[in-house]
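A short write-up of the structure that comes next.
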Amino acid sequence: MAGAAALVLGAAQPASAAPRVTLAVAAPTSGTTVHDTTELRFTGSNLATVRVYRLAHLVATATVNADGTAATAQVDTTAFRDGPVVLSALAWGRGSPLPRATAVLLVRVDNAATDQHPAGYRLVYGDEFGGSRLDRDKWCTRYMYDGGTESAAEQATIDPSCLGRDPVTGTTLGTLDTLGGNGTAPGQEAQVYRDVNADGKRMHTVQDGYLSLHATATRLDQPYLRYESAMIRSKREFLPTEQHPLYLTTRVRLPDVVGSWPAFWLAGGYGDGHVRPPWPPEIDILEAPYNKGGNGADVLWTAVQTYYDHDEFPNGPPQGPVRTTYAHPSFDGNAFHADSSIRSRWIEVAAEWTPTSVCWYLDGLKLACKDYRWVANAGPQDTTPATLLLNLAVGGPWAGADGVDATKFPMTYDIDHVRVYRK
């Protein structure tokens, strides 16, 4: 996890009645510091429920494993002031109305510098995903394009503030729920995005200070679009200037599931509405397709996108020339190869973005920089600001090259925060 805690453990208090319940903190280790959403791990015996309190207020309920010997809690430290914070973990045994073991934790919180944004930048937009529900004033849950597999009645329930209008045809925009096609042939992905899946499960949940995008294997009777998943798209749109570049960052936990494809990226938004959202431009800050053929658990992809007609643009795409100006030794083409798995743990991914360039970062480490112009093929007059997208795709010819491990469903793509800084 990003950050650890300075812990002082009180002596475990065994239950007086059999079976004996014990509780101890396994991690983090004493003397370190925490920030954002922090994972606490416990060991013990005969555990049924473990809850974490601060000043008698419940701050987290742990997940206990089946045999009652371990538990894990996610604590949102952004609710605390920076400095020392005392937490108490209480454990109940099966059938016990009273806690039977305790452990006391001293956590040193430091949220003053929880990401790696450069000096001179100030926060202009963000979501820390507090509370218990997705903030619909900030986020939409469909692409900004038209089309989609939902019925007209289902599309009619989409938040009107998430919709746009094609200025030429009058077509309603903001309804597209997949890049996998219409379900009658293979596409780039094998899922549809939903707010609620076929089993009635909410696909966006907020808990312990982070958002979870869920994916479920609930369309296996379909030939191609066999999964349901979730995405978010920002209502606010962004565009850097020469005087005011942007730094965009998110802290995420990727699913460790073959066939999954979590992403964080930028694409053209609605702008003032005088054109359809153009493509390109597109900047991929994080793409993590997971298969067994070169896209393992240690690989993170970044990219900038161009698409052009050679006859129309004989000198190259309007977004280019795309030229790599810096590459980390472990960066190959568009992929960074980490020393270990980047999945099932919190990582911070970011991009520093100017009108003519982009640099990518992982946990503050610069991965690569490229020249790239944020401009539509039709020119600056039809270029729109960028919307932010985070989505959990499944399958398709890239992520699903080795199939999809449906035994690990349901799965989640967890997002601790999204922040935009402006210089």
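Here are a few things to note about the model shown:
- When nucleic acids and ligands are ignored and a 1.4 Å probe is applied, residue 227 ends up with an accessible area of around 20 Å².
- In this label model, residue 199 and residue 122 are separated by 4.8 nm, measuring between points 7 Å along each Cα→Cβ vector.
- Contour excess over end-to-end distance, with Cα ends at residue 185 and residue 48 and 0.36 nm allotted per residue: 44.6 nm
- Rg ratio (alpha-carbon, reference 2.2 N^0.38 Å) - the chain: 1.05
- Theoretical gain in end-to-end length, residue 322 to residue 165 [0.36 nm per residue, Cα-Cα removed]: 53.3 nm
- Local electrostatic count at residue 21 - Lys and Arg +1, Asp and Glu -1, tallied over other residues with Cβ under 14 Å: +3
- Anisotropy class of the stretch 103-261 from Cα gyration tensor, a/c 1.5 cut: oblate
- With the simple spin-label model, which puts each label point 7 Å out from Cα in the Cβ direction, the residue 58 to residue 363 separation comes to 3.3 nm.
- Treating each Cα of the stretch 213-299 as one equal point scatterer and applying the Debye formula with no solvent, the log10 of I(q)/I(0) at q = 0.22 Å⁻¹ comes out as -1.22.
- Listed pairs 138/292; 235/366; 292/423; 201/366; 370/408; 292/366 exceeding 30 Å between Cα atoms: 138/292; 292/423; 201/366; 370/408
- Highest average packing first - 311-324, 51-64, Cβ atoms within 10 Å: 51-64, 311-324
- Label sites at residue 311 and residue 96, each approximated as a point 7 angstrom past Cα along Cα to Cβ, lie 7.9 nm apart.
- When the alpha carbon coordinates of the stretch 280-396 are projected onto the principal axes, the ranges are 43, 31, 25 Å, largest first.
The values are calculated or read from the model by the stated rules, or taken from the named source; none is laboratory data. Fair warning: this is a prediction, and the values are worked out from it, not measured in the lab. Backbone-built Cβ (ideal geometry, glycine too); neighbour counts: all protein chains shown. For the accessible areas, the whole protein counts, side chains as well, though only heavy atoms, and no ligand, DNA or RNA atoms are used. Shrake-Rupley method; radii C 1.70, N 1.55, O 1.52, S 1.80 Å.
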